[in-house]
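For reference, the structure is listed below as structure tokens.
The values are calculated or read from the model by the stated rules, or taken from the named source; none is laboratory data. Note that the structure is a prediction, hence the values are computed from the model and not measured. Because the Cβ atoms are built from the backbone with ideal geometry, glycine has one as well, and the counts that use them run over all protein chains shown. Ligands, DNA and RNA are stripped out before the accessible areas are found, and what is left, the full protein with its side chains, is counted by its heavy atoms. Shrake-Rupley method; radii C 1.70, N 1.55, O 1.52, S 1.80 Å.
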Number of protein chains: 2
Amino acid sequence: MKNFKIFFFLLITSLTFGQDIEGEIIDLTHTFSEESVYWVTAKEFQLEEVAKGNTGNGYYYSANNFSTAEHGGTHIDAPIHFAENKQTVDQIPLENLIGTGVKIDVSAKALKNPDYLISIEDLKNWESEHSEIPQQSIILLYTGYGKYYPDAKKYLGTDERGPDAVKKLHFPGLSPEAANWLIKNRNIKAVGLDTASIDYGQSTNFATHVALMTQNVPAFENVANLEKLPATGFQVIALPMKIKGGSGGPLRIIAIR
Amino acid sequence: MKNFKIFFFLLITSLTFGQDIEGEIIDLTHTFSEESVYWVTAKEFQLEEVAKGNTGNGYYYSANNFSTAEHGGTHIDAPIHFAENKQTVDQIPLENLIGTGVKIDVSAKALKNPDYLISIEDLKNWESEHSEIPQQSIILLYTGYGKYYPDAKKYLGTDERGPDAVKKLHFPGLSPEAANWLIKNRNIKAVGLDTASIDYGQSTNFATHVALMTQNVPAFENVANLEKLPATGFQVIALPMKIKGGSGGPLRIIAIR
């Protein structure tokens, strides 16, 4: 009888208040600070203190202003970043930013070769080891370079800044062929990785960005803590700052397992 | 036999890829633009176009910089905003930003009185109508003022800006007594509302902020679309920009029902 009561109490509570989002929460986001990694030509993050301390009116008060490029630190590339008339960051459907996560570990190859391009074969190898990538997944590519963040020399291949530094960028990325394969065959919602760009550092035509974004598939860049995720068995929630007409912006991305 | 196969397929799929986050997603976030509502003394949101158009290298490219106060538009107040040595925005545990939501509708009273203070009685009336507020809930206070956003005159009580406009602010808020009651008796995770501040516009000592934040309870301000939520039966996910040492910042807040 007592068990029945507990059962009905729990049933009514769950019907009334909705099903809990349960599980371990893993933050996949680097903090924003003056150390955050930005593209070598982009405006870096700056915090300006406005107030900090006792006000003399009986309370403490702290507040800041900040300025930043949309694309730096852990951030999202909205489709319009590389594809005209496609979604701006505020137009991306939330359904495309929340879903089943898949982690593809290419760190063994990528850590040996900073110009490594993740291939269709890497995706097929993952499927052979695990199972077919579910339709409408969010793909997280683990290159291993996240451990170097925010050391620009190791993470980007150069700690120089400015237009002349672009050709010195060396870090792995997703090949355009593999991006197209994921779109056509697995209908992915989004893709992210632990480097500064979904195209590898030596790209000059940004063909992976173009392939994804012409299909309204956003990319998450400078994702943190991918070493803490299993290959499967987690959900991704990626919520960007809602900038009207933005080409991207700061992203808070988490996994729940 | 066929049903068995489907059952086992679904069982294995759910064990492998984790339980889906299911339900309708409701965005509780206003877009950031030059129209966004800011405190009358705070630096407003500014977007600066860096690139927009065909690059001549075979691809389209759009990118912007922006600057803003931490506290404006849909944003979070981290505990350190009004309480020394309490959590900065990057230190708030994600567990406190995700959980069972409760919407308390005080719009009938608040829309008649822009200086309305949400009382302990309002909370007890809600409990009489529904059920006890679950421990560790996220409380969303629906004043009805969200419908005026971003019309500063209607939303804030004044469209003037600068220090002299502070005393002209008129909008509802949570009383310090009700804040303390929620902390002590219901152990809430966080509280949000559809006005510019958790303290009402006429506050001079910000006692509700102080009450919440000395207990490490963050506040969500300028929350959108609360009219779309039921009183219970939803989960809240509130992910702020992860600013190192920040007193708050842009917030993307959603509900799943």
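Data overview
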| item | result |
| --- | --- |
| Some residue of region B:56-72 being among the acidic types (D, E) and open to solvent by 20 Å² or more (accessible area, probe 1.4 Å) | no |
| Residue within region B:42-50 that is more than 9 Å from every other protein chain (Cβ to nearest Cβ), open to solvent by less than 10 Å² (accessible area, probe 1.4 Å) and within 30 Å of B:V166 (Cα to Cα) present | no |
| Selection within region B:107-134 - part of a loop (DSSP other than H, G, I, E, B) and away from chain A (no Cβ under 14 Å) | B:L111, B:K112, B:N113, B:P114, B:D115, B:Y116, B:S119 |
| Residue in region A:26-41 that is most open to solvent (accessible area, probe 1.4 Å), counting only those that are β-branched (V, I, T) and within 19 Å of B:N65 (Cβ to Cβ) | A:T41 |
| The listed residue being more than 11 Å from chain A (Cβ to nearest Cβ) and of a type in the set (V, I, T), out of B:I98, B:I80, B:I104, B:I76 | B:I104 |
| Test result for A:A108, open to solvent by less than 30 Å² (accessible area, probe 1.4 Å) and at pLDDT 95 or above | no |
| Near pairs, Cβ below 6 angstrom, 6+ apart or cross-chain, from region A:237-257 (within 7 Å of chain B (Cβ to nearest Cβ)) to any residue that is surrounded by 24 or more Cβ atoms within 10 Å (Cβ to Cβ) and of a type in the set (D, E) | A:G246/A:E70; A:S247/A:E70 |
| Condition met for A:D115 (in contact with a His (Cβ under 8 Å, 6 or more places away or on another chain) and not small (G, A, S)) | yes |
| Any hit, region B:174-184, residues being out of contact with any Gly (no Cβ under 9 Å at 6 or more places or on another chain) and within 13 Å of chain A (Cβ to nearest Cβ) | yes |
| Subset of region A:185-215 (residues that are within 14 Å of chain B (Cβ to nearest Cβ), among the polar types (S, T, N, Q), part of a loop (DSSP other than H, G, I, E, B) and under 17 Å from the mean Cα position of the chain (by Cα)) | A:S197 |
| Region B:235-254 - residue that is crowded, with 24+ Cβ neighbours inside 10 Å and touching a Gly at 6+ places or on another chain (Cβ under 6 Å) and, of those, farthest from A:R252 (Cα to Cα) | B:V236 |
| Output for region B:55-67, where each listed residue is at negative phi and within 8 Å of chain A (Cβ to nearest Cβ) | B:N57, B:Y59, B:Y60, B:Y61, B:S62, B:A63, B:N64, B:N65, B:F66, B:S67 |
| Residues located in region A:149-181, provided they are in a helix (DSSP H, G or I), without any contact (Cβ under 8 Å) to a residue 60 or more places away in the chain and crowded, with 24+ Cβ neighbours inside 10 Å | A:A179 |
| Residue list for region A:216-234, restricted to those being assigned to a loop (DSSP other than H, G, I, E, B) and within 21 Å of B:G249 (Cα to Cα) | A:N222, A:V223, A:A224 |
